[in-house]
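I have placed the structure first, in the form of structure tokens, so that the comments after it can refer back to it.
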Amino acid sequence: MEIRWHIALLIIGSAVVTLIPRVLPLMILSKLRIPELAIRWLDHVPIAVMGALLASELLLSDGRVDPGSHLLELIAAVPAFLTAFLTKSLFATVVVGILSLVALRLIV
């Protein structure tokens, strides 16, 4: 089997570029003592990121706020949000969201 070195270098370079932003902060932050207030604040980051992703997906269309263009998705998000709130389970939330959207698309 012939090895194409430019492809091999591309794969190795991609691995290094992917590894650096994941390992470097871990190595640096593992040596630091983070204050309790900062840790409590950082606990909210995943929720904020998920909220921003969901809001942009459910409310934006072509860069403008247009919730009417995603009406089925907004309706399907309600049981998914309730499931997330009640169970705190990502798996259950995803399953309920998908099933809700499938059911709505079959009905409409």
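General remarks:
- Of I11, I39, I47, the residue with the greatest mean-square motion in the GNM of the chain, using alpha carbon springs below 10 Å, is I11.
- Virtual paramagnetic centre 7 Å along Cα→Cβ of I98, amide N under 15 Å, in region 58-86: 80
- Simple point charges give the picture: +1 on the Cβ of Lys and Arg, -1 on the Cβ of Asp and Glu, and for the chain a dipole about the Cα centre of about 380 debye.
- Listed by Cβ neighbour count within 10 Å, with the fewest neighbours leading, H70, H6, H44 appear as H6, H44, H70.
- Screening the chain for whole DSSP H helices of 27 Å or more along their axis (Cα) with average Kyte-Doolittle hydropathy at least 1.6 returns 5-31.
- Among (1) 1.02; (2) 0.91; (3) 1.16, the entry derived from the coordinates for Rg/Rh (Cα atoms, Kirkwood Rh): (3)
- GNM on the chain, alpha-carbon springs under 10 angstrom: the most fluctuating residue among V78, V94, V16 is V16.
No value in this document is a laboratory result; all are computed from the given coordinates. Keep in mind it's a predicted model, so treat the numbers as computed, not measured. Heads up, the Cβs are rebuilt from the backbone with ideal geometry, glycines too, and the neighbour counts pull from every protein chain shown.
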